[in-house]
1. For Tyr246, all conditions in the list (1) surrounded by 18 or more Cβ atoms within 10 Å (Cβ to Cβ); (2) modelled with pLDDT under 95; (3) touching a strand residue (DSSP E or B) at 6+ places or on another chain (Cβ under 6 Å) hold save one; what is the number of the exception?
2. Go through (1) open to solvent by less than 30 Å² (accessible area, probe 1.4 Å); (2) closer than 30 Å to Glu427 by Cβ; (3) assigned to a helix (DSSP H, G or I) one by one and return the number of the condition Val312 breaks.
3. For Ala45, indicate whether it is part of a loop (DSSP other than H, G, I, E, B), touching a helix residue (DSSP H, G or I) at 6+ places or on another chain (Cβ under 8 Å) and within 13 Å of Arg121 (Cα to Cα).
4. Quick one: Ala70 ticks every box in (1) closer than 17 Å to Arg168 by Cβ; (2) surrounded by 15 or more Cβ atoms within 10 Å (Cβ to Cβ); (3) of a type outside the set (Lys, Arg) except a single one, so which number is it?
5. Say we look at the range 569-583 and pick out the residues that are among the charged types (D, E, K, R) and part of a loop (DSSP other than H, G, I, E, B); which of these is surrounded by the most Cβ atoms within 10 Å (Cβ to Cβ)?
6. Which residue out of Thr603, Thr558 is farther than 30 Å from Pro100 by Cβ, open to solvent by 20 Å² or more (accessible area, probe 1.4 Å) and out of contact with any strand residue (DSSP E or B) (no Cβ under 8 Å at 6 or more places or on another chain)?
7. When you scan the range 256-272, how many residues do you find that are buried (at least 21 other Cβ atoms within 10 Å of the Cβ) and in a loop (DSSP other than H, G, I, E, B)?
8. Could you check the range 289-307 and list, in sequence order, the residues that are open to solvent by 10 Å² or more (accessible area, probe 1.4 Å), over 19 Å from Leu240 (Cβ atoms) and in contact (Cβ under 8 Å) with a residue 24 or more places away in the chain?
Amino acid sequence: MMSRMDRNIRFFQEYCPLIIEQLQGWQPHDLVQVVPSRVPGIPTAFYQREAGSFYLHSRYNPIQEAEAWASQQDLDGIRHVIIFGLAFGYHVEALVKRKPNVQLHIYEPDGTVFLASLHDRDWTAFPWQQVRHLAFDGNRPKQEQFLMEMIQQIKDDWTILTIPSVQRCFPEVYSSFQERMKSLRAGYVESLEINIPFQKEWAANALKNLPHILRTDSVFKHRDFFAGQMAIMTASGPSLTEAIPYLRTLKKEKKAIIVAAGTSINALVRHGVSPHMFVSYDPFVNNYKVLQANLDKGIPMVFGSTIYSDIVSEHVGPQAHFILNQDNVYEAIVGGLNTDEVISDAPSIAVVTLQLLYKLGIRKLILAGQDLAFIDDHRYAVGVNEAGYKDGRASEEDRGKYNPVEANDGSTVFTDNSFQVMRQNLEYVIQQIPSGEMEIINTARRGAKIAGTIYSDWESLLALSSDKTPTGKTPLLFPRRSGTSLKPMAKRVEKILDDIYIELKKTVEQLHRFSERCNNGDQDKALKSYQKVLQSLGLLLNHRGFTSLVAYLVRNETHIIQKYLPDAADFDWEEKKRFAFREIPLFLRGVEAALQQLRQGLTEWS
C-alpha cells in the first residue's frame, strides 16, 4: 500500500511539478514536530524556536480555528488574495470554502513545515486549482519573482491576508516580506512614472535613428580595437578637472584608450583633450542642447539606438552604434539582433558605457571624474555646462538633500538621491562582471567609494603605466555606408501599422456597439457585445506588430489593461461598464496616438 507521503509526492510530480522544484534544497529537521490534534485524522504542528514553541494550528480543532479566521475576513469584491503562510493549509481551505472562486497567491516562510506535512497531511484534495502562485521564502529567485509579479498585478480586487500563528512564528520573515513588498511597490510606481516620459521617446527615437543605424557599423565590429586594452572612462564629476593633465600625458604616450561618457566630452574639449570617442544614449532634447556645441568637432561618437535623433543627424565625424534593450524597433524591422551585444538601459551614461566597454573586451578601466558626490559644492566639472547648473555648482535645494557617505580617501563626502541611484547601478553592473575579467580603478580621491573598484591616485597610475607598451591604436575611423535604400523597409513598416490600425478600429467599433446597447437598456445583447470587445481587445494585444512596435510606446496603458483582462469576463455588471468605459478607451487612445507618432517617425527617413 502506498504511503501518504508517496501519494503526495506522486500527485505533485504529476500535477504541481513546480512545488517539487521549489522544495529542492530544503531538508527536514526536528524543529518542526507534527502532532495529532483533538480531532481524529487532523494533524497539527509546532515549531521550536529560541523564543519557545509556536503552534502553527490549534492543538484542539485546527479546522474550527481556520473557519473562524476565514469568517472574519472582508472579502467583498475580492478576487485575489495574497496569503502569508500555508503551514498545513487549513486556513486556505476555509477561505476557499467561503469564497470558492477566489484566486490564491501563497507565500510560505519555511519549506521544512511543508516537508513535514507530507507524511501526515493529504494534499491531493487541497484546492490547488485556486492557487495561482506558491513561493517558499528560502528560494530567493522564486521569492523575488513572486513578489514582483504580485506588485505588478495588484489592483482594487486584491487583498493581503496573514495567518496569525505563522506570523508569530516567523516574525523576521514577515517583517522582511513587508519591507520587500513596500520597496518593490515604490520601485514599481517609480518605473511607471519613468515610463510616462520615456516610453514614447525610446520607440520614436529608435525609429528615427534606424537609417543612421543601417548606415553605420555596430561598435562591436571594432572589438579588436578594444580587446585586452586599458581604457579611461571620463565622467562629468568635479575631479575630472584635476585629471586633465594626466589624460593629456596618457593620450600623448598612447598608453590608454580615452572614452568620454556623455557630457564629459564638453569638459575635455574645453581643456583641449580629444578622446578616442564619446558615448551618448539619452533620448531627450536636453542631451542634444548640452552636447550641441561640440557635435562638429569631428570626435568619433558611439551612440545608443534610442538617443535623441538630432544628435546623430548633426554630429560631424565617425559614428558607430549599439542597440539598447529599450529598442524594440531594430529587432522588429531589421531582425538578426545578437542579444550578447545589447546594452541594458540605465539611469546614468557611466553605467551604460561601463557595460559597453566590458563587452568590447576592455580589461583594465580607469574612472576619471566619477565622483558621484558634491565636491566643494560642485556637482559637475567646469565646462560640462549641464542645463540648470552654472559650472556645475550645487543649488540650495541640492544642499538640503545632502547625504553623507564614505569617500575613497576615508573622509566623508555628500551625495544626493540621484547620485546614490547611479552608484548602486554601477555597483550592480560591476558585481555581474566575473572575477578577474576587468580591473576597475577609481581616481576620484574625494568621490564616493564605489564597491568593486579600487582607488589609486594619478601619479601612481602613471608610474605603473610607464613600462606599458603603447596601444599603437590609430584614431577610430568608423565607416559610413551610403546608398542604402529604405523604401522597401518603410513600406513594410507602413503595412504593419495599417494592419494594427484595422484591429484598433474593430475594437473601437465593438466598444461603440456595447455602449449603444447599454444606453438602450438591453443588458443581454450588451453582454454579448462585451464579450466581443474582449475578443477584439485580445486580438489587438496579441497582434505581432502591436507587441513588437506599438506596445513599447504605450507600456503603462498596456500594463494596466493586461492587469484587468484575466478577470474581465468575470466582472459584475458595474465593473464591466467601468472597465469598458474607462480603462479600455484610455488604452485605445494611447494606441492611436502611438500609431500617429510612428508614422511621423517614418516621414523623417531619407
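1. (3)
2. Single failed check for Val312: (2).
3. Against the criterion (part of a loop (DSSP other than H, G, I, E, B), touching a helix residue (DSSP H, G or I) at 6+ places or on another chain (Cβ under 8 Å) and within 13 Å of Arg121 (Cα to Cα)), Ala45 does not qualify.
4. The single condition Ala70 does not satisfy is (1).
5. Applying the first criterion (among the charged types (D, E, K, R)) to the range 569-583 yields 570, 572, 574-578, 582-583.
Next, only the ones that are part of a loop (DSSP other than H, G, I, E, B) stay: 570, 572.
Details: Asp570: 11, Asp572: 9.
The qualifying residue surrounded by the most Cβ atoms within 10 Å (Cβ to Cβ) is Asp570.
6. Exactly one residue qualifies, and that residue is Thr603.
7. Result for the range 256-272: 3.
8. Answer for the range 289-307, where residues must be open to solvent by 10 Å² or more (accessible area, probe 1.4 Å), over 19 Å from Leu240 (Cβ atoms) and in contact (Cβ under 8 Å) with a residue 24 or more places away in the chain: Lys289, Pro300.
The values are calculated or read from the model by the stated rules, or taken from the named source; none is laboratory data. Bear in mind that the values here come from a model prediction, so they are computed numbers and not experimental data. Neighbour counts are summed over all protein chains in view; Cβ atoms, including those assigned to glycine, are modelled from backbone coordinates with ideal geometry. Keep in mind that these areas ignore ligands, DNA and RNA; they rest on the heavy atoms of the full protein, side chains included. Shrake-Rupley method; radii C 1.70, N 1.55, O 1.52, S 1.80 Å.
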